[in-house]
Amino acid sequence: MHEHAIDGDDIAESDLVTRFGTFRSIAFRDSGRGDEHIALVLGETRGREDVLVRVHSECVTGDIFAARRCECGEQLHTALEAIAAEGSGVLVYLRGHEGRGIGLVAKTRTHVLQDEGGMDTVDSATALGLPVDSRDFTPAADMLKYLGVRSVRLMSNNDDKIRSLESRGIAVASRVPLLVAATDHNIAYLTAKRDRLGHDLPHLDGAHDRVGTVGR
């Protein structure tokens, strides 16, 4: 396991006014890969335990263009709303994570296989010879250490993310579910995340009967 530290030359801070509130915006560079990330921080974090945290992987289609085949954009906004409602917390936005690490061009190619070949998000990646998940959460752990966070309540449905952060020295006190309603458009994607990737999505029980199966 490699360790990256956040160097003073690779970080910058300012206030960022959003529709969710005013956050401390911390842009930082991963010294290992060179990717630039951002953390939005609300309230005091240093020395605190049980800080509400979302570690969010970049998804251009979902986060920016509100694509409906995934739940990424809704999770991003829900997490920011939860942090604002609590009055403190951290959202770490990790770039270079598009398509669980395969990149935007490759992710778009997987969409073709899903739409035309009926493959799910896992098989469409492996059919192209790509990894199912190559994301590195080291930069998120580095940022949480930089902020002096002692332990986190992680907004996630993915236990692998918990294990990844804990292996990098971040204490996860609890997992806070971040569930997005199933629709015709995202039901296949959510089902694959539950059945193929082990995400905890109990709200999908019976969802196929409620929304149908036309989406991907």
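The values are calculated or read from the model by the stated rules, or taken from the named source; none is laboratory data. Model, not experiment: these values are computed from the prediction. Don't worry about glycine lacking a Cβ; one is built from the backbone with ideal geometry, like all the others, and counts go over all protein chains shown.
What about Arg54, is it modelled with pLDDT of 95 or more and in the same structural domain as Leu165 (by TED's automatic domain parsing)?
On the way: modelled with pLDDT of 95 or more: yes; in the same structural domain as Leu165 (by TED's automatic domain parsing): yes.
Judged against the criteria, Arg54 is a match.
Would you mind finding the one in Gly89, Gly99 that is in contact with a strand residue (DSSP E or B) (Cβ under 6 Å, 6 or more places away or on another chain) and either crowded, with 18+ Cβ neighbours inside 10 Å or of a type in the set (Phe, Trp, Tyr) (or both)?
When all the criteria are applied, what remains is Gly89.
Give segment 57-89 a look and list any residue that's part of a helix (DSSP H, G or I) and either more than 17 Å from Thr18 (Cβ to Cβ) or outside the structural domain of Glu166 (by TED's automatic domain parsing) (or both), or say none.
Hits for segment 57-89 are Val60, Thr61, Gly62, Cys72.
Picking from Phe65, Phe23, which residue would you name as being aromatic (Phe, Trp, Tyr) and surrounded by 15 or more Cβ atoms within 10 Å (Cβ to Cβ)? Break it down stepwise before answering.
Numbers: Phe65 fails: surrounded by 15 or more Cβ atoms within 10 Å (Cβ to Cβ).
None of the other options fit; the residue is Phe23.
Look through segment 198-210, keep the residues that are touching a residue at least 40 places away in the same chain (Cβ under 8 Å) and touching a Lys or Arg at 6+ places or on another chain (Cβ under 9 Å), and return whichever of them is surrounded by the fewest Cβ atoms within 10 Å (Cβ to Cβ). Give the derivation first.
Restricting attention to segment 198-210, the residues satisfying the condition of being touching a residue at least 40 places away in the same chain (Cβ under 8 Å) are 198-201.
Subset that is touching a Lys or Arg at 6+ places or on another chain (Cβ under 9 Å): 199-201.
Numbers: His199: 19, Asp200: 14, Leu201: 21.
So the residue we want is Asp200.
For segment 169-195, what are the residues that are in a loop (DSSP other than H, G, I, E, B) and either closer than 17 Å to Cys72 by Cβ or in contact with a Phe, Trp or Tyr (Cβ under 7 Å, 6 or more places away or on another chain) (or both)?
So in segment 169-195, the residues in a loop (DSSP other than H, G, I, E, B) come out as 169-171, 177-186.
If the condition is that a residue be in a loop (DSSP other than H, G, I, E, B) and either closer than 17 Å to Cys72 by Cβ or in contact with a Phe, Trp or Tyr (Cβ under 7 Å, 6 or more places away or on another chain) (or both), then Pro177, Leu178, Leu179, Val180, Ala181, Ala182, Thr183, His185, Asn186 are the ones that fit.
Let me confirm something: among Thr18, Thr45, which residue is more than 18 Å from the chain's Cα centre (by Cα), at pLDDT below 95 and of a type in the set (S, T, N, Q)? Working first, answer last.
Details: Thr18 fails: at pLDDT below 95.
Exactly one of Thr18, Thr45 is more than 18 Å from the chain's Cα centre (by Cα), at pLDDT below 95 and of a type in the set (S, T, N, Q), namely Thr45.
Taking the residues in segment 135-193 that are among the hydroxyl-bearing types (Ser, Thr, Tyr) and within 25 Å of Leu42 (Cα to Cα) as candidates, determine which candidate is surrounded by the fewest Cβ atoms within 10 Å (Cβ to Cβ). Steps first, please.
First, the residues of segment 135-193 that are among the hydroxyl-bearing types (Ser, Thr, Tyr): 138, 146, 151, 156, 164, 167, 174, 183, 189, 191.
Pick out the ones that are also within 25 Å of Leu42 (Cα to Cα) and you get 138, 146, 151, 156, 164, 174.
On the way: Thr138: 21, Tyr146: 16, Ser151: 16, Ser156: 23, Ser164: 19, Ser174: 10.
Among those residues, the one meeting the criterion is Ser174.
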